[in-house]
1. Considering each residue of region 126-136, count those that are surrounded by fewer than 24 Cβ atoms within 10 Å (Cβ to Cβ) and within 19 Å of Arg80 (Cβ to Cβ), and give that number.
2. Here are Ala154, Ala139: which of them is under 21 Å from Ala36 (Cα atoms), surrounded by fewer than 17 Cβ atoms within 10 Å (Cβ to Cβ) and more than 13 Å from the chain's Cα centre (by Cα)?
3. Mind listing whichever residues of region 129-144 are at negative phi and assigned to a loop (DSSP other than H, G, I, E, B)?
4. Considering (1) farther than 22 Å from Gly227 by Cα; (2) within 19 Å of the chain's Cα centre (by Cα), say which one Asp67 fails and leave the rest.
5. Within region 188-206, identify whether any single residue is crowded, with 18+ Cβ neighbours inside 10 Å, in a strand (DSSP E or B), modelled with pLDDT under 95 and among the small types (Gly, Ala, Ser), and answer yes or no.
6. For region 133-172, which residues satisfy the criterion of being closer than 30 Å to Gly266 by Cβ, at pLDDT 95 or above and among the basic types (Lys, Arg)?
7. Is it true that Gly185 is in contact (Cβ under 8 Å) with a residue 40 or more places away in the chain, in contact with a Ser or Thr (Cβ under 6 Å, 6 or more places away or on another chain), in a loop (DSSP other than H, G, I, E, B) and not charged (D, E, K, R)?
8. Kindly establish whether Thr50 is touching a residue at least 60 places away in the same chain (Cβ under 8 Å), in contact with a strand residue (DSSP E or B) (Cβ under 6 Å, 6 or more places away or on another chain) and β-branched (Val, Ile, Thr).
Amino acid sequence: MGVFLLWLAISRTASAAGCLNTATQIPSPSRALAMATFAQQEHQAFGAQTMDAEGRLTLAGDAEAEDIRRAPQNLAPWQRVLGYWQATGVRLRGTDPDAAPDSSEPQSIDAALSRVAVIDAPWSAAFISWIAQRAGLGADEFVFSEAHADYAGAAWKAGLDEAANRPTRYAMRACDLMRTPPRVGDLVCQARGIGAGYNTFERIGEVLAQRPTGGEALPMHCDVVVGVDATGFDTVGGNVIQSVTLRRLAFAPGTRLLDPSYLPEGCTAGATGVPGCIDRHMSRQPWSLLLQWR
């Protein structure tokens, strides 16, 4: 218990000292902007699927399984996803790296198996790993992984190292999303599964702090912030409704912080008639973690 209390005290200090004042005073570094740019490019390549601030799908894009190409020289959606996996170093069962079919030829059996493997494997973390790699991050700066918890856990450790004045080359620190304004290139994250109880910064941090890289699965999802304005911010994530999707998230009125109505407890089910209560539909999730560029 003493070790946990020490960890909690350090983590809160790291959040207060390292995160709260940085976002509004220091602009996003160039590689953070590059991550946002690559994410936006992939969003367009997938047909620009979009969710509004209330979490409703307003524009449907291309799904991961589709074999269409928006331009002759482009890869099909499933081929793009296969490319994301290359950043993680994980080869999906049944995939052939040379199986991408020529647009003028019938799809080969190997290519068909690769396409099935892509569909069956969650790829949102592979997407984030790919854009981080494209932005020029090295293995000492970002954990390229098929699990969001691996690179989120490394960011959590980097924040603790900062608080303890220990050197770290990791590119991001972990911050409380409900207390920290996001910047372009930052990652906003949630732990999947409301019933699991990982719905606060402290609770998810408790798990990340003790979880080794590649350890037991902690289901998570992260989007990259691609735009911020006076009323909210836009994010892009992979494997969101089977596509690369842009999501609008609103700030609480008069602030630059996420509106609490997005949290599971932020708007009681069936209370849409209550003043100020907004049903956020598919964006109503346990958002708790901001991975902020250092």
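1. So the answer is 3.
2. Just one listed residue meets the conditions, Ala139.
3. Once the filter is applied, which keeps residues that are at negative phi and assigned to a loop (DSSP other than H, G, I, E, B), region 129-144 yields Ala135, Leu137, Gly138, Ala139, Asp140, Glu141, Phe142, Val143, Phe144.
4. (2)
5. Yes.
6. none
7. For Gly185, the condition - in contact (Cβ under 8 Å) with a residue 40 or more places away in the chain, in contact with a Ser or Thr (Cβ under 6 Å, 6 or more places away or on another chain), in a loop (DSSP other than H, G, I, E, B) and not charged (D, E, K, R) - is met.
8. yes
The values are calculated or read from the model by the stated rules, or taken from the named source; none is laboratory data. None of these values were measured; they are calculated from a predicted model. Please note: Cβ atoms are built from the backbone with ideal geometry, for glycine as well, and neighbour counts cover all protein chains shown.
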